[in-house]
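Below is one structure, written out as structure tokens; comments come after it.
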Amino acid sequence: MRIDRSVVVANGKGGVGKTTVTANLAVEASRRGAGAVLVDLDPQANLARDLGIEDHDQGKSLVGAAMGFLQSPRVYETGRERLRMICGGMELLKLQTAAIAEHRGNPVGLASQISTALQSVLRPSDWVFIDTPPAAGNALSDAALVLGKHLLIPTKEDLNSLEGVGVILSRVLELAENSGDMIDPIGVVQFAYDQSARKVNADASEWLQANLHGVMPVLDSVIRKTTKAQVDSKKNGLVAAEYADLAADTKLLPWYEARRLGREQPSFAKNASTVANDYKTLADEITRLIDEGAAQ
Amino acid sequence: MTGLDDAARRFKEARFTKAAPTDADPLSDKALEAQIAARLSESLSNPEQDSTSEQDQRQSKPQEAPAVSEAPMPDDRTDSEWVIPDPVARALGGRARVPVDIPIRFESLRLKAKGIGMPSGHLVLAAMQTYQHSLVERAKAGEYHKVDRGFVKQWQLMLHETELAALDQLVDEVSEHMPRRSRALVTTLLLQHCRSEQAESV
């Protein structure tokens, strides 16, 4: 049932960076030479847009494959080498509704359906990155926790986001109690981290240490807050590393020259490479933790 | 197009591969839609069925319904809000009103349901599950105040008998995941209201 080489990105609360982290990690994996498949289990379907995929099936083929009407879900090329995607969207609510009625909310049945559908398109070397909807106990979110191998929880530092960590972790433990098998919790990564907010950072760290009960670590890596870089990259369907490359590749004229020629020039976030480097560091740390876990 | 958009477009043209044409589905979109709709309808008509193992079935035994589902309907409703029955209010720590923002959210979902050709009731049912955590958390935080009665009536009209049955199960499931103190979830309230309205209309 569990997909060995898979990372589920989840948090009980929305807006904590799940989709952004999922997209960036998958692109980073593909840049490192691994085959990667993104799976969007969120009816909001933001993952495809973040990668610049506008026209897709809203999860319809995944629903069809999970229900057994199609042999496999439709796999979209993302334009990046070695990175493919199975899109989500509002159609997933049909799968969720059917699962509620058929399995009475028991996540194993739905997880099995989705896992079988996904395995039909995976290559042995693929890593799968799964984005989830913002709700613990939601059928799709639960299914991801049952079919995925590793769990990464992004969070911001406000209390609601932190409590979302606690909620998803409780759900992981409940599911493990029922099934006797638990997803491997890699750790919690702090998203939109503001280095200058020392008191907030200290409070958040303290809260996490007190509430994770040693079940999973708080990762050393953080994803720093860079509003312009994030807005610009999402708007153009690029992840952080690609935005940094774009900024580095773009040759800008001196402002007076551009003005003389009447040429509009792009402006880039000054710290375009900051977040790109953060994701590289995060990918390194996750790889190390997974390798260490496998060695034990 | 801004300078950034233009630069990003050129960047993607240079760096990204052209998307390969996707293999055609063995089933046309319409045929697939029809099959999914039929499956949904069947699932909701026979909510007892479960294709998983015996062990799964054991795990998915229905939970005991929350006691509040038998609570009497309130009689001091106004046109714009609906007061929570006493037992529920007590369970919510003394809060006595449900939120006004939920109707807006579900109205938007109802429109989306139309857009994808899904029965509205099915979508509302799924949406309730999608948002169940946020409902619980916000209820606990005392953020719920009132609900638009017009919406609740509309919702009641959208739900058919089978959907009400499925929602009933959902409420049981939701209640199971909630802290004991807050087991009276807003879904229970709305379901109760729908039932009551339905009973009145019969």
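A few notes on this one:
- With kT/(6 pi eta Rh) evaluated at 4 °C and eta = 1.567 mPa s, and Rh the Kirkwood radius from Cα pairs, region A:39-93 diffuses with a coefficient of 117 µm²/s according to Stokes-Einstein.
- Residues whose amide H falls under 5 Å from that of A:R224, counting only those 5 or more places apart or on a different chain, are A:Y193, with hydrogens built in the peptide plane.
- Chain B and chain A together bury an accessible surface of about 5100 square angstrom, both sides counted, with a 1.4 Å probe and no ligands or nucleic acids included.
- Inter-chain shielding of A:236-243 (mean C-beta neighbours from other protein chains, 10 Å cut-off): 3
- With kT/(6 pi eta Rh) evaluated at 37 °C and eta = 0.692 mPa s, and Rh the Kirkwood radius from Cα pairs, region A:162-239 diffuses with a coefficient of 226 µm²/s according to Stokes-Einstein.
- Percent of Cα pairs in chain A per distance bin of 10 Å, from zero to the largest separation: 6, 28, 35, 21, 7, 3, 1.
- If you bin all the Cα-Cα distances of region A:1-157 at 5 Å, starting from zero, the percentages per bin are 2, 11, 21, 26, 23, 13, 4, 1, 0.
- Compactness relative to 2.2 N^0.38 Å, alpha carbon Rg of region A:171-296: 1.46
- Shown here: region A:64-134, whose C-alpha atoms stretch 40, 24, 20 Å along the first, second and third principal axes, sorted largest to smallest.
- Once Rg and the Kirkwood radius are both taken over the C-alpha atoms of region A:100-246, their ratio Rg/Rh works out to 1.01.
- Both the radius of gyration and Dmax for region A:1-64 are 12.4, 32 Å, in that order, over alpha-carbon atoms.
- Each part gets one Cα centre, and for region A:39-67 versus region A:220-265 those centres are 27 Å apart.
- When a 1.4 Å probe is rolled over the protein heavy atoms, the share of accessible surface on region A:168-253 that falls to carbon and sulfur comes to 49 percent.
- Here r is the Cβ-Cβ distance between A:E81 and A:T281 and R0 is 25 Å; the resulting FRET efficiency, rounded to 0.05, is 0.65.
- Within 10 Å of each Cβ in A:62-75, the average number of Cβ atoms from other chains: 4
The values are calculated or read from the model by the stated rules, or taken from the named source; none is laboratory data. A quick note: this is a predicted structure, and the numbers were derived from the prediction, not measured. Don't worry about glycine lacking a Cβ; one is built from the backbone with ideal geometry, like all the others, and counts go over all protein chains shown. Please note that ligands, DNA and RNA were not included when accessible areas were found on the heavy atoms of the full protein model with its side chains. Shrake-Rupley method; radii C 1.70, N 1.55, O 1.52, S 1.80 Å.
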